Amino acid sequence: MYDFELTAIGLTENQRATYSGILELGKATPARLSAETGINRTTVYAVCKELKEKGFVLEDNLRGVTYYYPTPAKELLKITKKERQALVEKELIIEEL
């Protein structure tokens, strides 16, 4: 669905499929994402952890059940602004060297 865009921002094939599933479902368990994407459930857990570390998804545990849902777009933009600022700071350090 969003393959080109998600590839352009550096997501792997499994990350793209999982994130697309989360975007389509809005909020989903790993079992539901596995059924939706065809990726085995254990892999979905690992991919969701990666997406969470990158800031793309949030995790919620309700009564012992883990759900993943997309990070709001405004929050994703904040992440990219921080990354941009970090690059500017690195450039300044390199120029000083």
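Structure notes:
- Count of segment 45-97 residues which are in a loop (DSSP other than H, G, I, E, B) and of a type in the set (A, V, I, L, M, F, W, C): 2
- Residue within segment 2-16 that is of a type in the set (D, E, K, R), open to solvent by 70 Å² or more (accessible area, probe 1.4 Å) and in contact (Cβ under 8 Å) with a residue 12 or more places away in the chain present: yes
- Residues of segment 14-49 satisfying the condition of being of a type in the set (D, E, K, R) and within 14 Å of the chain's Cα centre (by Cα): ARG16, GLU24, LYS27, LYS49
- Against the test of being open to solvent by 80 Å² or more (accessible area, probe 1.4 Å) and within 13 Å of the chain's Cα centre (by Cα), the options LYS78, LYS52 yield a single qualifying residue, LYS52.
- With respect to being touching a residue at least 40 places away in the same chain (Cβ under 8 Å) and over 22 Å from ASP3 (Cβ atoms), TYR67 fits the description.
- Filter pass, TYR19 being part of a helix (DSSP H, G or I), crowded, with 19+ Cβ neighbours inside 10 Å and not aliphatic (A, V, I, L, M): yes
- Count of residues meeting criterion [open to solvent by 40 Å² or more (accessible area, probe 1.4 Å), touching a strand residue (DSSP E or B) at 6+ places or on another chain (Cβ under 8 Å) and assigned to a helix (DSSP H, G or I)] in segment 22-44: 2
The values are calculated or read from the model by the stated rules, or taken from the named source; none is laboratory data. Everything numeric in this text was worked out from a predicted model, so none of it was measured. Here the Cβ is made from the backbone with ideal geometry for all residues, glycine too, and neighbour counts use every protein chain on show. SASA here: full protein model, heavy atoms, side chains in, ligands and nucleic acids out. Shrake-Rupley method; radii C 1.70, N 1.55, O 1.52, S 1.80 Å.
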